[in-house]
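Heads up: the structure comes next, in structure tokens.
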Amino acid sequence: MHATDLHDGWSLEATGGPVPEAVSGRSVPATVPGTTHTDLLAADLIPDPYIGLNETAVAWMHRARWRYERELVVAPAEPDERVDLVFEGLDTVATVSLGGQVLGHTANQHRTFRFDVRESAASSGGARMPLTVDFASALESAEAEVARIGARPAAYDYPLGMVRKMACSFGWDWGPDLQTAGIWRPVRLERWRTARLASVRPLVTVTDALDAAQVQVHADLERSGLGASNEPIVVRARLARPNGEVIEGVATAAPGTSSAVVVIDVPEPELWWPVGYGEPALHDLEVEIGTKGAGSPVLDQWRRRIGLRSVRVDTSDDEVGTAFVLAVNATPVFVKGANWIPDDHLLTRITRVQLSRRIGQALGANLNLLRVWGGGIYESEEFYELCDEAGIMVWQDFLLACAAYPEEEPHRSEFEAEAREHVARLTAHPSLVLWNGGNENLWGFMDWGWQEELQGRTWGHYYYTELFPAIVAELAPTTPYADGSPYSPRAALDVIHPNDPDHGTHHQWEVWNRIDYTQYRNEIPRFCSEFGFQGPPAWQTMERAMTGADGLVATKNDPVWLLHQKADDGNGKLDRGLAPHLGVPDDFVDWHWATQLNQARAVAHALTHYRSWWPRTAGAIVWQLNDCWPVTSWAAVDGDEIVKPLWWAMRSSFADRLLTVQTRPDPATGEPVPVLAAVNDAGSPWSGEVRLRRESLGGAVLAETSLVLEVPPRSVQLLGLPPELGTPDVRAAEVLVAEASLGAGATSGSAALVREVHCWAPDIELTLHPDAATVDVEAVSDGYRVTVVAARGLVKDLILFVDRLDPDATVDQALVTLPAGASTTIHVRSAVSGLEAALATAPVLRTANDLARARAGTERPAMV
């Protein structure tokens, strides 16, 4: 196998559609992999669509047509040689031609396409030939399919289910509507003889006792059909263990066959574990093929790092309903997850370094799983490799989201080819622990009016219940499959609703859309795979990308703000979410802080509830970790990679050890009573005592006690609260403080002290002192040390927005709540000098107490 990348020498020009005069007739250099947007940006022919109102300025590109072109010299093939032109990704509706001859047509962004170019090479005689890729409008192609087979319902106005293109390319309630086009993944010329490795699928099994593993290396071959291609093909595999030992195996594909299986047995294996459960041990696996003759050349080879692990999902029935518990190496895991969208809407700008930063932020938020959502893409090898290395599990959706998808041809064949390619491609990654049929399509069929609109037309049910599970069972039988998210296992749609919280996976979107976030605790889902709350991006991000006509940050009713707020009635929902908790500040700077804080609190309210119900609730996947552009959204990390307060709330709520005040039914009366839940997700017991006190906001102790803490590994202990601790005298003037030592064995959590500060009333009722904190800032060698003391009473949700001062600055903690008299020191890392004064006051240093001043004007509430 000899491969030559074809990434240089490309040009781009528009060939049709509503192309502006500045672009029409222009040929510009093209970067491959790339897109029309990135090339026109580089040529300064379009404005940055992420800035201001520019998204609307490039809407003409939705219906434009394009040509990529370069010259190519292909030497004629030898008699026994194949010559293939390989495109790993074409976005989306394309015609590929070489030397004026059409090689083929494509209509699927998510597939690799391979063209035999021996005939073109022979006719050219080795002369230069034009290689062209002509792209039609994906939108117009989808509209033509609607006219051909009838419309299908979707969550958005575009017919996004009618073309195999990244669904969110058409816009989403957090993303821009750009509808990219281009050669978005690598392209190369391959010359090979006899046979090549079409795919390698290492299927791993581990014994129940975890004392032995087996790797079955399935090598799928393509034979050239030329010369000696029908002779036996020898497949050799070498597995290098972390300790340096190499285990080899060999198998032979007999003449006329196209596969072989090499079996490698591994005694006493070093297993791959998710973060928090052990080390994610990886093994180097090399596979090569050749013919049987002595000294025969290597025809093709494949290398990956694999992990030895078993995974299953327990969907057994119990007294509540149907479980959904992920187990790795026979160990049940509480999933601490976030949903993942493409990290840049302009996909070809995403780098391994960028992905590494984002995986690092996932680890920093104490996540152990990312769900690759079905409206995006099958991610690059780099993404899965980084997850393998970090011990981050991956839940992989098939790419169908919020729409009915036709089952007619050619759609059915495209779905099958796409699914087969990526199931085979991703089998090597130990991080991939679940294949999922799609996002919200089963739910949409039941509840969103689809059945009436469809009038019996196909909508994708075959894919979720027959095609995808069959492909996973054939190609990756060691990886579990779920029909969709949400879904209820083993139940017909008309028997148990797919979004029933008692059965399987659940999406909770009543909160945010219609009801207050306190209602999260009115249900106990078996596994919540989507929920979330909106908040704006960091201030520095808004200064860069969201400024109004006056050059200042756009406020919430400015057209720029509204273009970067894609949610239906998004601002209204933000204000209605604020009102019962923090109030709705008139000042935009205060409003920005309040909405970010409310987002963090809403998600934390859900997370602590879900974790307190382990193992009945076995996972929580927050919507969402990341953004793809500057926008008000549900993300914890904004489009400029700056963590929002939500990230800090996830970090604390997902820590190994957690104290949280919850309610449970009183055994005698059935009425809800407060309890303290001690959550221990570490692999060792959490023992000691928890100290509790009820005190005024000003620090006067009203009652106190200690309770014995004895929480087994991976367990929750519920501690009843004595009446004098659990019931306040004055709801608006008291807090309950619970404190315990972190103890040994925890791998996450930044403080040696685990603290819960529980208020019985919302902030709008609390008599918070607006200036409860004293602040001292000291310059140190790598930045600043900021010491805050709750000198005048309770300080809630202390944070430093250092991005306002230095885009590269970081802090080591945030959203810190201090009971009266307590203190904390925040380490600010920054190379910028002279920030002492700014770090000590708003708008950099913020607390929830600040908003008490905003609600009261200049009048300060009395302290109790």
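The values are calculated or read from the model by the stated rules, or taken from the named source; none is laboratory data. Quantities reported herein were computed from a predicted structural model and do not represent experimental measurements. No Cβ is skipped: glycine too gets one built from the backbone with ideal geometry, and neighbour counts run over all protein chains shown. Only protein heavy atoms, including side chains, enter the accessible area calculation; ligands, DNA and RNA are left aside. Shrake-Rupley method; radii C 1.70, N 1.55, O 1.52, S 1.80 Å.
Looking at region 791-810 only, could you name the residues that are open to solvent by 30 Å² or more (accessible area, probe 1.4 Å) and not acidic (D, E)? Before the answer, list the steps.
Narrowing region 791-810 to residues open to solvent by 30 Å² or more (accessible area, probe 1.4 Å): 791-792, 804-805, 807-808, 810.
If the condition is that a residue be open to solvent by 30 Å² or more (accessible area, probe 1.4 Å) and not acidic (D, E), then A791, R792, R804, L805, P807, T810 are the ones that fit.
If you scan region 692-724, which residues turn out to be charged (D, E, K, R) and closer than 14 Å to G743 by Cα?
Initial filter on region 692-724 (charged (D, E, K, R)): 693-695, 704, 710, 714, 724.
Answer for region 692-724, where residues must be charged (D, E, K, R) and closer than 14 Å to G743 by Cα: just E710.
Within region 447-464, is there a residue that is under 25 Å from M393 (Cα atoms) and buried (at least 17 other Cβ atoms within 10 Å of the Cβ)?
Among the residues of region 447-464, at least one is under 25 Å from M393 (Cα atoms) and buried (at least 17 other Cβ atoms within 10 Å of the Cβ), which makes the answer yes.
All but one of (1) open to solvent by less than 10 Å² (accessible area, probe 1.4 Å); (2) touching a Pro at 6+ places or on another chain (Cβ under 7 Å) hold for D640; which doesn't?
Result: D640 passes all but (1).
Okay, residues lined up against (1) over 30 Å from G227 (Cβ atoms); (2) under 33 Å from the mean Cα position of the chain (by Cα):
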residue: G9; (1), (2): yes, no
residue: L12; (1), (2): yes, yes
residue: P47; (1), (2): yes, yes
residue: A57; (1), (2): yes, yes
residue: W60; (1), (2): yes, yes
residue: L72; (1), (2): no, no
residue: E78; (1), (2): no, no
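Mind checking which residues of region 534-551 are in a loop (DSSP other than H, G, I, E, B) and either over 18 Å from D590 (Cβ atoms) or open to solvent by 10 Å² or more (accessible area, probe 1.4 Å) (or both)?
G548, A549, D550, G551
Could you please find all residues in region 293-319 being aliphatic (A, V, I, L, M) and either touching a His at 6+ places or on another chain (Cβ under 9 Å) or open to solvent by 60 Å² or more (accessible area, probe 1.4 Å) (or both)?
A294, V298, I306, L308
For region 52-74, how many residues meet the condition of being at pLDDT below 95 and surrounded by fewer than 16 Cβ atoms within 10 Å (Cβ to Cβ)?
Within region 52-74, residues that are at pLDDT below 95 and surrounded by fewer than 16 Cβ atoms within 10 Å (Cβ to Cβ) number 1.
If I filter region 212-235 for residues that are part of a loop (DSSP other than H, G, I, E, B), within 26 Å of the chain's Cα centre (by Cα) and over 30 Å from H7 (Cβ atoms), do I get at least one hit? Outline the logic, then answer.
Of the residues in region 212-235, the ones part of a loop (DSSP other than H, G, I, E, B) are 224-232.
If we keep only those that are within 26 Å of the chain's Cα centre (by Cα) too, we end up with none.
No, region 212-235 has no match at all.
Of the conditions (1) under 37 Å from the mean Cα position of the chain (by Cα); (2) outside any loop (DSSP other than H, G, I, E, B), L692 fails just one. Which one is it?
Only one criterion in (1) under 37 Å from the mean Cα position of the chain (by Cα); (2) outside any loop (DSSP other than H, G, I, E, B) is unmet by L692, namely (1).
Being of a type in the set (A, V, I, L, M, F, W, C) and either crowded, with 22+ Cβ neighbours inside 10 Å or touching a strand residue (DSSP E or B) at 6+ places or on another chain (Cβ under 9 Å) (or both), is that true of even one residue in region 663-673?
yes
Here's the yes/no breakdown for (1) of a type in the set (A, V, I, L, M); (2) open to solvent by 10 Å² or more (accessible area, probe 1.4 Å); (3) at pLDDT 95 or above; (4) not in a strand (DSSP E or B):
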| residue | (1), (2), (3), (4) |
| --- | --- |
| T15 | no, yes, yes, no |
| V23 | yes, no, yes, yes |
| P33 | no, yes, yes, yes |
| D39 | no, no, yes, yes |
| Y50 | no, yes, yes, yes |
| R114 | no, yes, yes, no |
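Quick test for you: out of S97, S123, pick the one residue that is of a type outside the set (A, V, I, L, M, F, W, C), over 30 Å from A403 (Cβ atoms), outside any strand (DSSP E or B) and in contact (Cβ under 8 Å) with a residue 12 or more places away in the chain.
S123
Looking at (1) among the hydrophobic types (A, V, I, L, M, F, W, C); (2) open to solvent by 50 Å² or more (accessible area, probe 1.4 Å); (3) in contact with a strand residue (DSSP E or B) (Cβ under 8 Å, 6 or more places away or on another chain), which is the only condition A144 fails?
(3)
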